[in-house]
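The values are calculated or read from the model by the stated rules, or taken from the named source; none is laboratory data. Just so it is clear, the structure is predicted and the values come from calculations on it, not from any experiment. Counting neighbours? That spans all protein chains shown, and the Cβs are built from the backbone with ideal geometry, glycine included. Heavy atoms of the whole protein, side chains included, go into the accessibility calculation; ligands, DNA and RNA do not. Shrake-Rupley method; radii C 1.70, N 1.55, O 1.52, S 1.80 Å.
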There are 2 protein chains.
Amino acid sequence: MINKFVMPEVIFGHNSLHQVGESCIRLGAKNVLIVTDQGVMEAGWADVVEKSCKSAELSYTSFNEITTNPKDYEAELGANVYVENECDAIIGIGGGSAIDVAKAVAILVTNGGTISEYEGVDQIKKPLPPLIMAATTAGSGSEVSQFSVIVDSKKKKKMTIISKSLVPDIAIIDPLTLSTKHDHLTASTGLDVLTHAIESYVSVAATALTEVYSRNAIRLVSQYLRPSVASKLNKEAKEHMAMASLQAGLAFSNAILGAVHAMSHSVGGRYPMLHGDVNAVLLPHVMEFNLLAAPQKFCDIAELLGEHIGGLSVYEAGKKAIEHVKQLSLDIGAPQSLSEMGLEEKIIRELSCLALNDACMITNPRDIKEEDVERLFHQAL
Amino acid sequence: MINKFVMPEVIFGHNSLHQVGESCIRLGAKNVLIVTDQGVMEAGWADVVEKSCKSAELSYTSFNEITTNPKDYEAELGANVYVENECDAIIGIGGGSAIDVAKAVAILVTNGGTISEYEGVDQIKKPLPPLIMAATTAGSGSEVSQFSVIVDSKKKKKMTIISKSLVPDIAIIDPLTLSTKHDHLTASTGLDVLTHAIESYVSVAATALTEVYSRNAIRLVSQYLRPSVASKLNKEAKEHMAMASLQAGLAFSNAILGAVHAMSHSVGGRYPMLHGDVNAVLLPHVMEFNLLAAPQKFCDIAELLGEHIGGLSVYEAGKKAIEHVKQLSLDIGAPQSLSEMGLEEKIIRELSCLALNDACMITNPRDIKEEDVERLFHQAL
């Protein structure tokens, strides 16, 4: 098998956000579009970016009309702003939503058409403008990934767009931005990181290059997610969670994901739930389903999570990983069922059909049928 | 501290060499310069590259006037060939020598001047033509690194050029190319990989992103270098050594190296010795010197090499790493002293002065003075 691996230039560390302007200049930009959201603006991080642009003598225009689980029409609006202002590069600053919209804007301004034309793998034909992405959530990994996930507002489903062109030129990860997140968002995005790490590790497309990052991300989440949720001031825990997010992002960008994300995308297209919350509920159920396909890998995961597996068979040790994830999710107050977040039973069949066709389902380690997906949704309800 | 990490797009796997032509096309090339050496041509790998170019309908010119520890005038000659043939991209295929010359040619054709003007860190101002590098030795890591090391033929010293511009666009690693290496070259380049992994791991510029790759490379070398030397036909061992070389390359490209490489560069500028052989002799001596600076890291290395460290102090465990490296070097028949390779005692003072000023010395974990370098050379003599 031929393994391929791509990643952007990465700048990681406290106050690295101040390097965003200079990074744009290095890429030849003169007039950038800054894509962000309301929360990031209120936290003051958009100001830091604007100041950095000013001191680099860059012109800029801001666009922030973005919602959680961002929509196709938001990207189209952003593309209009880019064109009207004759921008030549794009900064995305925020969590997965802002960054995924920034990428979708980039697709539209050089490739034209509507965003749904680019759903799936390798549908982007023309090069994108320079992309500089700054992550503020330690969750999505989108700042380093080949992915953009955008809601098709007519079909009410998430479209997964996968292309090497979507790997940004420069990714900036400043762990200081995590200090303004509330504990629920920290828990939700942290469990998203764990889901990225676990799904990429058991993915049928995992390689020696992605596995080292998946493994290390699992280890870091198991050590630092609880303390990171417990205190906004724990800088060490935030920094390690930012690193976990980055490494899990590098892993899944190249190894792709699995059934949790395929199912979660179908839910996110319909309900305004936090992506990390949905993943958190689905993860242990899907792990149980997938255990049959990769017992040794689940055994590794148990060990990376800090479980004692001495004296256990590989299969029994693998089960420990599932129990560990359930307990972690309880400890940090994550939702425990989809129904408590408002998911209705009657929609499960429709969601299952969508999930089965999501690009992330292709790399799930166990063969999966529509009835399996339905059963998993019922278990998680 | 702000951590930066860059790497090329990587294509790894059996027969990936056949993708070189298509890779050039993706980068917009029409007429490439192929830089290679005599050994690679005799092994038939240059033919594979030429066929791949032909089937991608690329024009090409070959340049192969390259020696071990390649010289500045070889790069200048290559640059003339590039310009005369109006090339627009460069393929380097071979070990560190061919790839480092390919990079030096790239510097000259867009930046002009002589190669010595670019010695040191970040001296390259203008963008380079598209670079596609295919490694055939599982040693240098140059196919993914920010480094090019070229001999200044007048001063008889190696110049270390470090710049993000030198990271190729695409790195191709085809483990099948390792099957044509003789056992001495396999041993020499394998110990170079180990040196990259260990020096990058204890480097003062190591980060969480580089450490995962250093650690994994050490583990792979300890498991697969012996069997890879033992049999040309052991494909599994070759593949793991190719992966070790790649991961060690990614680590040192971003964490830089240390005293072994600084000293080895000074030797390589003067004598036609294999770079890996010189490193192999110097490595345990420098590890002993550096143990004081990073005992925990040397303890980790011992564990990664498979040593039992239970019941030992961190410092005692660290010493086990040094013993392990000595034994490995003996087992695979590597040279055990610099004098047996022809190094003369009278030149040590001069070499030490050069080594102290090599860019790789900056990241050595222990402060080092000229008399320390001299003493280390005497120990290794």
Taking Cα centroids, how far is the range B:256-299 from the range A:246-275 in Å?
44
When the distances between all Cα atoms of the range B:9-177 are binned every 5 Å from zero, what whole-number percent does each bin get?
2, 10, 21, 25, 22, 13, 6, 2, 0
Can you tell me the order of A:114-127, A:138-151, A:293-306 when each peptide is scored by its average per-residue count of other Cβ atoms within 10 angstrom, highest first?
A:138-151, A:293-306, A:114-127
Starting from the 7 Å offset along Cα-to-Cβ, what nm value, one decimal, do you get for the label separation of residue A:152 and residue B:378?
7.6
Cα long-axis angle, helix B:208-230 against chain B (0 to 90 degrees, to the nearest 10)
90
Please state the shape class of the range B:232-334: rounded when a/c is under 1.5, otherwise prolate if a/b exceeds b/c and oblate if not, all from the C-alpha gyration tensor.
oblate
At a Förster radius of 41 Å, what calculated FRET efficiency corresponds to the Cβ-Cβ distance of residue A:344 and residue A:15, to the nearest 0.05?
0.35
In peptide A:6-16, what is the residue-averaged number of other protein chain Cβ atoms found within 10 Å of each Cβ?
5
Using a 1.4 angstrom probe on protein heavy atoms only, which residues from the range A:186-232 are buried by at least 30 Å² of accessible area when all chains are present rather than their own chain alone?
A:208, A:209, A:212, A:213
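What's the local net charge at residue B:139, with K and R +1, D and E -1, over the other residues with C-beta under 13 Å away?
On the way: positive: B:181, B:238; negative: B:100, B:143, B:192, B:277.
Once all neighbours under 13 Å are counted, the net charge is -2.
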Quick one: with label points 7 Å out along Cα→Cβ, list the inter-copy distances for residue A:127 in nm, shortest first?
0.5
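Ignoring any ligand, DNA or RNA, what whole percent of the accessible area of the range B:1-114 comes from carbon and sulfur when the probe is 1.4 angstrom?
Numbers: 2070 of 4360 Å².
Roughly 48 percent of what the probe reaches on the range B:1-114 is carbon or sulfur.
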Report the calculated FRET efficiency for residue B:180 and residue B:67 (r = Cβ-Cβ distance, R0 = 30 Å), to the nearest 0.05.
0.95
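Of the beta bridges DSSP finds with both residues in chain A, what % are antiparallel, to the nearest 5?
Antiparallel bridges: around 20 percent, rounded to the nearest 5.
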Copies compared at residue B:293 - label distances in nm, ascending, label defined 7 Å from Cα in the Cβ direction
4.6
Scan chain B for the residue whose Cβ is closest to the axis carrying it onto chain A, then write down that distance in whole angstrom.
B:212, 2
Which order do the peptides B:200-212, B:346-358 come out in when sorted by mean C-beta neighbours inside 10 angstrom, highest first?
B:200-212, B:346-358
In Å², rounded to a whole number, the accessible area per residue of the range A:9-177 with probe 1.4 Å is 35
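When DSSP assigns beta bridges and you keep just the ones with both residues in the protein assembly as shown, what percent turn out antiparallel, to the nearest 5?
25
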How far apart are the residue A:67 label points across copies, placing each 7 Å from Cα toward Cβ, in nm, shortest first?
7.1
Sequence-distant or interchain residues sharing an amide H contact under 5 Å with residue B:60, placed H: which?
B:32
For each pair in B:54/B:238; A:71/A:158; B:164/B:238; A:103/A:164; B:155/B:181; A:71/A:103, compute the distance between the two Cα atoms and list the pairs where it is over 20 Å.
B:54/B:238; B:164/B:238; B:155/B:181
Helix-derived mean residue ellipticity, 222 nm - over chain B, DSSP H n ≥ 4, -39500 (n - 2.57), to 500:
-16000 deg cm²/dmol
When a/c reaches 1.5 or more, the comparison of a/b and b/c decides; with that in mind, is the protein assembly as shown rounded, prolate or oblate per its Cα gyration tensor?
prolate
